[in-house]
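*Asks:* So that we are looking at the same thing, I have put the structure below in structure tokens.
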Amino acid sequence: MSRFFATGSDSESEESSSADEITPKAPGTTFKQSLLLSDDEEDTKRVVRSAKDKRFEELTNFIKTIRNAMKIRDMAKCLEEFEQLCRAFLKSKNIVDKEGVPSFYIRLLADLEDYLNQLWEDKEGKKKMNKNNAKALSTLRQKIRKYNRDYESEIAAYKENPQESADEEEEKEPEDSGSSSESDDEGGEDGVSAKAFLKKKPEASSEASKFLKSAKGSGDESSSSDDDDDDEDWGSDTVDSGSESSDEGEGGKSGSLAMVFLKKAQETDKASYKKSAKLKKLKKKERLEEEAEEEGGEEVEGAWEKVRGGIPLVKEKPKMFAKGTEINTGVVVKKLNEILQARGKKGTDRAAQIELLHALAAISNENNLGQGILVKIKFNIIASLYDYNPNLAAFMKPDMWKKCLECIDELLDILFDNNNNIFIGENIAEDSENLAISDQPFRVRGCILTLVERMDEEFTKIMQNTDPHSQEYVDNLKDEGRVCGIIDRLLNYLENKGSTEEICRVYLRRIMHTYYKFDYKAHRRSLGLQGESKSEQDQEESEGEDSAVIMDRLCKFIYAKDRTDRIRTCAILCHIYHHALHSRWYQARDLMLMSHLQDNIQHADPPVQILYNRTMVQLGICAFRQGMIKDAHNALLDIQSSGRAKELLGQGLLMRNMQERNAEQEKIEKRRQVPFHMHINLELLECVYLVSAMLLEIPYMAAHEFDARRRMISKQFHHQLRVGERQPLLGPPESMREHVVAASKAMKMGDWRTCHSFIINEKMNSKVWDLFPETQRVREMLVRKIQEESLRTYLFTYSSVYDSISMETLSEMFELEIPTVHSIISKMIINEELMASLDQPTQTVVMHRTEPTSLQNMALQLAEKLGSLVENNERVFDLKQGVYGGYFNRDQKGGYQQKQSYQRDQKGGYQQKQGGYQRGGYRNQNQGNY
């Protein structure tokens with residue numbers, strides 16, 4: 001109803017019309033009349049809305065925008081709209097206090113918080129976000145968490161029963177909107193209702209009053225159920241009621257169409273809202289019935305199936321067989337092909353497909369159709385189980401994994417029971433398959449080796465994706481026995497029926513499950529130990545050959561028969577690893593040197609490179625256990641000096657390199673990771689490397705203390721020493737690195753006992769040394785090495801102090817036998833490391849004073865530095881004088897001046913070195929000096 005229309009009686013309208021002829025018109029009357037009588041005004045439908053509707057509509061619009069932004073992951077838009085929504089909600093505070101917080105608002109807050117938490121946990125998605133969206137995500141997440149604290153109880157109630165809350169809101173919306181269109185007493189922002197405003201306009205024209213009366217009359221005719229408020233507003237005066245009754249007929253004919261349809265429009269809105277509410281109730285009822293049907297009882301095969309609404313999916317269950325159909329091989333094969341046609345299609349229910357294949361196998365068994373068709377169905381069941389996860393990175397669920405193992409076992413049972421009656425292979429064409437029972441043997445297309453290889457890969461994926469510190473990992477690891485059992489059975493089958501290539505492939509699978517396991521029973525037998533109890537002894541006797549014998553037999557077959565380099569390379573690396581693990585150092589070293597793998601391993605694929613790195617590390621640890629300190633250091637140097645041992649061994653990804661790789665590369669690298677039970681202890685590895693470096697580096701540093709050109713054997717070890725020196729307060733060592741640094745400082749001073757106490761103690765035993773199989777032997781070897789290297793360091797450091805020293809004294813100091821001391825000193829004299837001679841009758845070492853004293857050494861170093869300083873100054877002076885690039889240094893003959901420099905020789909003097917002819921000047925050659 002337009003607020004420009006005014007109410008009034010007939011007599012008032014006549015007086016006003018006659019007065020119009022005499023009195024001048026008000027300035028706005030013509031404008032108002034033109035507004036009242038315009039065609040647009042007649043065609044427009046006018047609805048009076050309450051303040052509640054206006055405010056809630058504003059909130060709803062913001063919510064729609066936010067949900068749209070959520071769909072496209074536009075976090076910046078979400079943040080902007082959420083801030084506006086909060087401001088709009090603050091404006092609606094008065095209405096919210098009366099009505100309560102609307103449920104649609106609570107639902108948005110709950111959904112938005114869940115959505116943001118989900119996005120926050122999705123690390124891959126966060127990496128793909130641009131800078132603005134990522135910033136907006138963190139800001140919005142903080143804001144929503146803070147904002148939701150005020151509505152915790154409402155959000156908790158919604159989350160307990162989200163469906164009910166949504167339905168209540170849907171039912172409430174039409175009622176609210178209908179009641180708000182009817183109730184005209186609620187004021188808008190200015191607090192005045194539309195009809196109250198109409199009463200205050202008595203100066204409108206008579207034509208306007210006609211339209212009002214006609215609209216009222218037609219409204220009364222069309223609707224009989226109006227509120228008391230309407231009656232009061234529209235007919236409060238007796239004059240009004242009289243005028244209405246007199247002009248009823250005329251008003252009905254000449255009324256504006258817009259006014260006539262006003263009440264009807266409201267009625268039609270009411271009816272449509274009621275219908276929609278009924279429809280929603282029906283839908284809810286249907287949904288509840290559906291759920292009840294799903295819960296109760298199994299559906300009969302071939303019966304109608306209720307599906308959920310949405311995009312129609314291809315979910316037709318193929319019927320097994322019509323009643324009375326004769327079931328034979330041809331019919332079953334046809335039905336099998338019919339089921340397989342749906343494989344890989346969008347919307348195919350993979351679980352239902354597996355069930356149908358199982359049912360088909362049962363039917364073929366019942367009807368005794370032969371083992372050929374059963375083997376074919378089993379092949380397809382296993383393939384369907386592998387296809388259940390379409391994503392390559394996803395791993396099999398536990399129930400599917402159990403089914404897969406059972407099916408492969410059943411398939412192998414059938415193949416072993418009918419060994420001479422069934423031929424399987426990839427080279428058998430589908431046309432030449434023989435599945436029916438006949439005199440000829442069954443011929444089935446398929447490869448059992450491929451299925452077992454895929455099963456092995458799935459097992460690896462399951463182990464990669466399980467938390468290694470949980471009980472679930474231990475439970476999954478128990479399945480490795482079944483996996484190895486299946487591989488052994490397949491190995492026996494293929495040894496009789498498989499090709500050489502297939503045998504090599506299955507041998508490699510067996511090797512990959514054996515090479516990293518330490519054979520404790522074989523180790524005990526080699527030491528001459530027997531089981532404690534009678535049952536253990538019987539078990540050891542009944543067990544088959546040692547793992548070393550198995551590895552030797554399988555690897556040698558691959559070396560002789562394999563035609564692909566990859567399988568042979570993997571077999572060699574596994575063989576070396578197994579030798580090294582069992583302390584067979586010389587066999588492992590010789591095999592590595594003979595294979596020449598180190599020359600071209602960089603061209604291999606990443607999994608083979610990871611295996612090579614693991615083998616080199618194991619080789620280094622084996623050398624350390626055998627006391628080959630230099631070999632151990634050389635083997636571990638490449639891995640440890642890179643600072644990426646964890647990544648190179650396939651035991652995890654480094655966070656600092658995350659920026660260098662995209663999400664796809666990260667997924668690929670995660671698939672290459674080695675399962676946790678195959679990991680090499682990184683702390684043990686680092687400790688072995690640092691101790692080896694200490695035993696080599698400390699004597700070398702002592703021997704070349706004043707040599708400016710000495711080289712570093714291990715950069716990582718020097719870095720640890722520098723870190724230890726930088727510490728302002730030195731407390732007792734705690735970490736493994738601190739123990740090694742403290743031991744190094746003690747060894748520098750020739751104090752072997754302190755060094756020994758830092759390297760071998762309870763803490764280091766528990767962290768490192770107890771992890772070796774022959775713990776006591778390793779500790780004894782370490783003590784021996786520490787004593788020997790401390791003796792060498794002592795002689796290098798304090799040789800200038802002594803004129804002669806007794807070997808017996810050295811033997812007592814370092815608790816070594818005299819022959820050992822004699823041997824060490826003799827080697828040092830022969831290698832010209834120690835300027836001394838042995839006096840045999842007195843068993844003393846006589847020092848030769850050829851070495852410069854510390855003062856002389858410092859003077860020589862100063863002379864060297866002064867010489868280089870003078871040379872640099874001359875070069876700078878030449879450049880300032882305009883000698884650019886050496887061009888003006890040419891002599892008259894067109895040649896170049898010959899440079900001369902002095903270098904100190906080994907005897908402490910100086911010798912003149914004739915430099916070659918130099919061209920290009922000093923600017924490029926000596927860039928680092930300026």
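The values are calculated or read from the model by the stated rules, or taken from the named source; none is laboratory data. All figures in this text were calculated on a predicted structure; none of them were measured in a lab. Ideal geometry is used to build each Cβ from the backbone, glycine not excepted, and the neighbour counts take in all protein chains shown. The accessibility values were calculated without ligands, DNA or RNA, using every heavy atom of the protein model including side chains. Shrake-Rupley method; radii C 1.70, N 1.55, O 1.52, S 1.80 Å.
*Asks:* Which whole-Hz couplings ³J(HN,Hα) result when phi for each residue of segment 66-74 is put into the Karplus expression 6.51 cos²θ - 1.76 cosθ + 1.60, θ = phi - 60°, listed in order with x for Gly and Pro?
*Replies:* Coupling constants for segment 66-74: 5, 5, 5, 5, 5, 5, 9, 6, 8 Hz.
*Asks:* What distance in nm lies between label points placed 7 Å from Cα along the C-beta direction at Thr325 and Glu457?
*Replies:* 3.4
*Asks:* Turning to a different aspect of this structure: Give me the count of lysine pairs in segment 681-847 whose alpha carbons sit under 21 angstrom apart, restricted to pairs 8 or more positions apart or on different chains.
*Replies:* 9
*Asks:* Can you compute log10 of I(q)/I(0) for segment 51-160 with the Debye formula, treating each Cα as one identical point scatterer, at q = 0.09, 0.18 Å⁻¹?
*Replies:* Each listed q corresponds, in turn, to -0.24, -0.90.
*Asks:* Now for a different question. Give the peptides 853-860, 151-158 in descending order of average Cβ contacts within 10 Å, highest first.
*Replies:* Details: 853-860: 12.6, 151-158: 14.6.
Packing proxy ranking, top to bottom: 151-158, 853-860.
*Asks:* Which order do you get for Phe772, Phe877 if you rank them by accessible area with a 1.4 Å probe, largest at the top?
*Replies:* Ranked from most to least accessible, the order is Phe877, Phe772.
*Asks:* Which value, in Å³ per residue, describes the convex hull spanned by the Cα atoms of segment 547-624? Mind dumping the intermediate values first?
*Replies:* On the way: hull volume 6.5 nm³, N = 78.
Cα convex hull per residue, to the nearest whole number: 83 Å³.
*Asks:* Please work out the C-alpha center-to-center distance from segment 604-633 to segment 83-148 and express it in whole Å.
*Replies:* With segment 604-633 and segment 83-148 each reduced to a Cα centre, they are spaced 54 Å.
*Asks:* Note the full-extension length gain between Met835 and Glu426 as 0.36 nm times their separation in residues minus their Cα-Cα distance, in nm to one decimal.
*Replies:* Values: separation 409, 0.36 × 409 = 147.24 nm, distance 7.51 nm.
Extending this stretch completely gives an extra 139.7 nm.
*Asks:* Mind giving me the FRET efficiency for Asp638 and Ser470? R0 is 30 Å, r the Cβ-Cβ distance, nearest 0.05 is fine.
*Replies:* Between Asp638 and Ser470 the formula returns 0.30.
*Asks:* While we're here: Enumerate the residues in segment 455-481 having an amide nitrogen under 19 Å from the point lying 7 Å beyond the Cα of Lys123 toward its Cβ.
*Replies:* 461-470
*Asks:* Please compute the modelled spin-label separation between Asn662 and Ile550, points set 7 Å along Cα→Cβ, answer in nm with one decimal.
*Replies:* Rounded to a tenth, the inter-label distance reads 4.4 nm.
*Asks:* Right, next: Quick one: Kirkwood hydrodynamic radius for segment 787-867, alpha-carbon pairs, angstrom, one decimal? Don't skip to the end; give the middle numbers.
*Replies:* Details: mean 1/r = 0.0731 Å⁻¹.
Its Kirkwood hydrodynamic radius stands at 13.7 Å.
*Asks:* When the C-alpha atoms of segment 681-847 are aligned to their principal axes, what extent does each axis show, in angstrom, from largest down?
*Replies:* Here the Cα extents, ordered largest to smallest, are 50, 39, 26 Å.
*Asks:* To continue, here is another question. Expressed in nm to one decimal, what extension gain is obtained for the pair Glu152 and Arg443 from 0.36 nm per residue of sequence separation less their Cα-Cα distance?
*Replies:* In short, 98.0 nm is gained.
*Asks:* For His603, what accessible area in Å² do you get when you roll a 1.4 Å probe over the heavy atoms of the protein chains, rounding to the nearest 10?
*Replies:* 150
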